[in-house]
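Take a look at the structure set out below.
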Amino acid sequence: MKGREAWGHSPSDVDEVLKTEVGLFGVGDRPDVVTVYRQHADFVWRTLQRMGVEEANLDDVSQEVFVVVHRKLLTFDGTSRMTTWLYGICLRVASSWRKRAWRKREQMMAAPPEPCSHEACFGEEYMQRQEAQRLLRDVLDRMDIDKRAVFVMYEVEELSTMEIASVLGVPMGTVHSRLHAARKQFELVLSRLQKDKKRGGGA
């Protein structure tokens, strides 16, 4: 279960959630904020996860994002996609969270995966998919935050280099150089992890 469903809120509860968790008062006067939450809560959750926020902390960090959305929504001028604008907020909030976690030397435990009762969940295809997802998370966790951000935005979220430049506030040339470096780092880390796994399996 991901996104707003993981918070235990149904769409009909969104107004109350925004009042109590995001700090929005007079929801009827600000329907755009409610719409952003309803349409993009899952996107925010997924983006933060790909930025390295552990699942055990996603609720709190997601709420931080929507606090910023509430404060900054009037600055959104519609010249970019809403998801592009949200991605920039997620990136800054996730980066801040990682720095705080590092300073406090927190030992964060990821939430255990949900139990699967369906027989297909124990099939070879399911296991291969789960292994591929774990490997991707492991690789991304070992990448520099700047390279990781560009890599995920381009390769996973399929943003254009122009959109990425807008999100990061950097020249197009910087985006291209970071993307090139990110791909090299991704391949290097992936190769190392695969070698480590092979050695471990052969032990």
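Return the residue satisfying two criteria in turn: it lies in the range 133-191 and is in contact (Cβ under 8 Å) with a residue 24 or more places away in the chain and among the hydroxyl-bearing types (Ser, Thr, Tyr), and of such residues it is farthest from Asp42 (Cα to Cα).
Among those that are in contact (Cβ under 8 Å) with a residue 24 or more places away in the chain and among the hydroxyl-bearing types (Ser, Thr, Tyr), it is Ser166.
Of all residues in the range 48-80, which are of a type in the set (S, T, N, Q) and not in a helix (DSSP H, G or I)? Break it down into steps so the answer makes sense when it comes.
Let us first name the residues in the range 48-80 that are of a type in the set (S, T, N, Q), namely 49, 57, 62-63, 75, 79-80.
Hits for the range 48-80 are Thr79, Ser80.
One line per residue, one yes/no per condition, for (1) at pLDDT below 85; (2) more than 21 Å from the chain's Cα centre (by Cα):
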| residue | (1), (2) |
| --- | --- |
| Cys116 | yes, yes |
| Glu119 | yes, yes |
| Glu125 | yes, yes |
| Arg134 | yes, no |
| Met143 | yes, no |
| Gly169 | yes, no |
| Val175 | no, no |
| Arg178 | no, no |
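Going through the range 19-72 one residue at a time, which ones are at pLDDT below 90, acidic (Asp, Glu) and within 23 Å of Ser95 (Cα to Cα)?
Glu21, Glu54, Glu55, listed by residue number.
Being of a type in the set (Lys, Arg) and closer than 30 Å to Asp77 by Cβ is the requirement here; does Lys184 meet it?
Numbers: of a type in the set (Lys, Arg): yes; closer than 30 Å to Asp77 by Cβ: no.
Against the criterion (of a type in the set (Lys, Arg) and closer than 30 Å to Asp77 by Cβ), Lys184 does not qualify.
The values are calculated or read from the model by the stated rules, or taken from the named source; none is laboratory data. Everything numeric here is computed off the predicted structure, so don't read it as measured data. All Cβ positions, even for glycine, are placed from backbone atoms using ideal geometry, and neighbour counts span all protein chains on display.
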